[in-house]
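Please treat every number below as a calculation from the coordinates, not as lab data. Quick caveat, the model's predicted, so the values are computed rather than measured. Cβ: placed from backbone, ideal geometry, glycine included. Neighbour counts: every protein chain shown.
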Amino acid sequence: MKNILFVAVILLNGICTMAQADYPAAVEKFKRYYNQQQADSLYSMYAPVMKTVLPLEKTVSTISQLHTQLGELKSVTLTNEEKSYNIYKAVFTSNTFKMVLSLNNDNLLEGFRFFTYTETKKDTADIVLNGIHGTLTIPYENKKVPVVLLIAGSGPTDRNGNNTMGLNTNTYKMLAEALLAKGIACLRYDKRGIGASRAALNNESDVRFEDMINDATGWIKMLEADSRFSKVFVVGHSEGSLIGMIAAARENAAGFISIAGIAESADVTIKKQLNVKSPELAAQGAILLDSLKKGYAVKEPDNNLNSLFRTSVQPYMISWLKYDPQQEIKKLKIPVLIIQGTTDIQVSNDNATSLKKAKPDASLIEIDQMNHVLKQAPAERTANIATYTNPDLPLKKELTEAVVTFVSK
C-alpha cells in the first residue's frame, strides 16, 4: 500500500495557487474521473509540471492500482484551506485518507497527494449560561489555546448561521471548524429567543438590546475564567458586530473583529432601506424613528410599517437606537480588525471605511468576491442570494486566514 501511495505522490513544494482557483469543480471532476477510471480525462486536468512527473501511462497504472486496493471514492470533504492547496477527507470503499490538492490559476492540477487520515481530536460541548445555549469547540492541546466568541447577525439566525426564514449557510459552524483546525477554540451561541435559547425570551416586549450585550459579556467572563484558554477574542458578524464591540470594550477582551459590521446607528440604516422600498413609507418611518430615538413610544401604524414598528418591539428599538457603532468602536483600547466583502449586498463597503475612519489604528481587510454570508459570490443579486441557501459552499479562505492571523498574533 505504501508503494502505491508513493507513486501517487506529486511534489507540492513551491506551488503557488491563485485565490480564484475553483477547487469545488476540480474535486468533483477528480472524483468522477477516478471512479470511472477515466485516466485520460484525469490526465487532461494536469498542469505541465504534473504531466512531466506523472505521464499518462503512469496515471493509468496508478488509478488502476488504487482502485484495486481502495475501491470507489465515496466522498471528498474539505477539512482545511491553505494558501497554496486544500486538504480533504477522502473516503474510499476500504479506507479513508487525507488528500491534498493544489491548483494553479488555470484550475489545472499541480499536485495531489494522499496521507494517512487521523480525525482531529476535539472536545465539543453544548453549554448553557443564563438560559443561553451555545457550542464550544476546543482542540486537544497540551497548552492553553486562544478562544473566539462568535456573535451572530440580526434576525433569527442561530449559532450555525441558519434560520427558519430560509437562510441555510452553516457559515458560523464552518468558521468554528476552520478555527479548530488551526488550534483555536470557538464558542458560538443561539441568541436570546432564538433556537435552543428560545425559552430565555418569554415576551418580545421584555427584551432590550442591552440584554444581547449582557449575554455576550457573560460568555466573555466565563471564557476568561476558564484555565484552558490563553486569550479571549470577540468576533461579531453584521448586527453582532455592534454587540461584540460593546461587550469586548466592557470586558477588555484580547481583540475584536468586525465582519460585515454596520457603521451607522440603526435608525439611519432603516431610513435608507425604507427609502429604497417606498419614499412615502420612508417619510412616515423617519418620523416614527426620530421619536423612538428620543425614547418615546409611538402609535402602532396600520400599514406596511406595522411589522417594523409594532408595539411589542418598540422597547427593543428604543434601546437599540441609542448606540452608534462609530462611537462605540472608538472606545476599544484593544487590537481591532475590520473585515468586509466586496460583493456584500446587505452591508456596503462604505461601512467598513467609516468604521476604519472612526478607529484609525484598526486594521481593515477587504475580501474580493465575498458576500454577506462570507461565501464566494458575484455582485449580481440573484446569483448572490443563491448562496444564502447552499450550506455546502465553503467559506472564503481569505476570511479564515485573516481571523487566524489576527488571533494568533
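For the range 314-319, putting each phi into the Karplus relation 6.51 cos²θ - 1.76 cosθ + 1.60 with θ = phi - 60° gives couplings of 4, x, 5, 5, 4, 6 Hz, in residue order, rounded to whole numbers and with x for Gly and Pro. Label zone (Glu141, point 7 Å along Cα-to-C-beta; backbone nitrogen cut-off 16 Å) within the range 235-275: 254-255.
In a fully extended conformation the segment linking Glu210 and Glu300 would gain 30.1 nm over its present Cα-Cα distance, using 0.36 nm per residue. Of the two radii for the range 363-409, the radius of gyration is 1.03 times the Kirkwood radius, both from the alpha carbons; that is the Rg over Rh value.
Computing FRET efficiency as 1/(1 + (r/R0)^6) for Lys331 and Met45, where r is the C-beta to C-beta distance and R0 is 45 Å, gives about 0.30. Ellipsoid semi-axes for the range 284-403, based on the Cα gyration tensor and the rule √(5λ), read 32, 22, 11 Å when sorted largest first. Over all orientations, the range 38-107 has a Cα convex hull whose mean projected area works out to 5.0 square nanometres. Along the chain, the longest continuous region that contains none of the chymotrypsin sites (Phe, Trp or Tyr not before Pro) in a DSSP loop with at most 12 other C-beta atoms within 10 Å is 141-295. Summary value for the chain: 12 percent relative contact order, contacts being C-alpha pairs under 8 angstrom separated by 6+ residues. Among Asp344, Asp211, Asp40, a tally of other beta-carbon atoms within 10 Å of each Cβ gives an order, fewest to most, of Asp40, Asp211, Asp344. Mean projected area of the Cα convex hull of the chain, taken over all directions, amounts to 21.8 nm². Length available on full extension from Ile345 to Ser94: 0.36 nm per residue minus the Cα-Cα distance, which gives 85.8 nm. The sum of -39500 (n - 2.57) across all DSSP H runs of n ≥ 4, divided by the residue count of the chain, sets its helix-only mean residue ellipticity at 222 nm to -11500 deg cm²/dmol. For the chain, the residue among Phe256, Tyr140, Ile184 whose Cα projects farthest onto the positive side of the dipole built from Cβ charges is Tyr140.
One chain, two ends: Ala386 and Arg32. Fully extended at 0.36 nm per residue, the span grows by 124.9 nm beyond their Cα-Cα distance.
The packing ranking of peptides 63-69, 328-334, highest mean first, is 328-334, 63-69, where packing means the average number of other beta carbon atoms within 10 angstrom of each residue. Sorted from greatest to least, the principal axis extents spanned by the alpha carbons of the range 267-319 come out as 25, 22, 14 Å.
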